[in-house]
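Structure first, commentary second.
The values are calculated or read from the model by the stated rules, or taken from the named source; none is laboratory data. Model, not experiment: these values are computed from the prediction. Please note: Cβ atoms are built from the backbone with ideal geometry, for glycine as well, and neighbour counts cover all protein chains shown. Calculation scope for accessible area: heavy atoms of the full protein, side chains included, ligands and nucleic acids excluded. Shrake-Rupley method; radii C 1.70, N 1.55, O 1.52, S 1.80 Å.
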Amino acid sequence: QVQLAESGGGLVQAGGSLTLSCASSGRSFSPFAMAWFRQAPGKEREFVASRTRGGTNIQYGDSVRGRFTISRDNAKKTVSLQMNSLKFEDTAVYYCAAGDVFSLESKRYIYWGQGTQVTVSA
């Protein structure tokens, strides 16, 4: 059974940094794409970043490009999100996702974590 578990969320001041991690379980689990999405209260889930297994395709949402970096360790079955220059509007629950299609759409991802809260104080 595949499970994704996020960690690293918390409270940070604007301008600060956080690193989120997502660990996956499942002996043969090696999804083609792993991604991060986020959802703020009252808003739809938003694409943050995605990366393929080999790193050939990497994509970022417009609001985070240049500030966030997605990385993946296939051996450890983890994906991370380094977040720099955080803004108040980055406050959201961040979700890790995995699937067999590289996409910016949440509906393309099969497996999801429970989410981790990131709160940026102004």
Can you list the aspartates and glutamates whose alpha carbon is less than 13 Å from that of Lys43, not counting same-chain residues fewer than 8 positions off? Glu89, Asp90
The percentage of the accessible area of the chain (probe 1.4 Å, all protein chains present) made up of carbon and sulfur atoms, to the nearest whole number, is 47
Express the relative contact order of the range 76-122 as a whole percentage, based on alpha carbon pairs under 8 Å and six or more residues apart in sequence. 44
Taking a ≥ b ≥ c as the square roots of the eigenvalues of the Cα gyration tensor of the chain, is the shape rounded (a/c under 1.5), prolate (a/b larger than b/c) or oblate? prolate
Given +1 on the Cβ of Lys and Arg, -1 on the Cβ of Asp and Glu, and no further charges, what dipole in debye does the range 1-92 carry about its Cα centre, rounded to the nearest 20? 320
Whole-angstrom gap from the range 58-73 to the range 91-119, using each part's C-alpha centre: 13
Listed peptides 19-31, 87-99, 55-67 by packing density, highest first (mean Cβ within 10 Å): 87-99, 19-31, 55-67
Going by a ≥ b ≥ c, the root eigenvalues of the Cα gyration tensor, does the range 32-91 fall in the rounded group (a/c under 1.5), the prolate group (a/b larger than b/c) or the oblate group? prolate
Please tell me the relative contact order of the chain in percent, rounded to the nearest whole number, where contacts are Cα pairs under 8 Å and at least six residues apart. 36
Heavy-atom accessible area per residue of the chain, all protein chains kept, 1.4 Å probe, expressed in Å², is 53
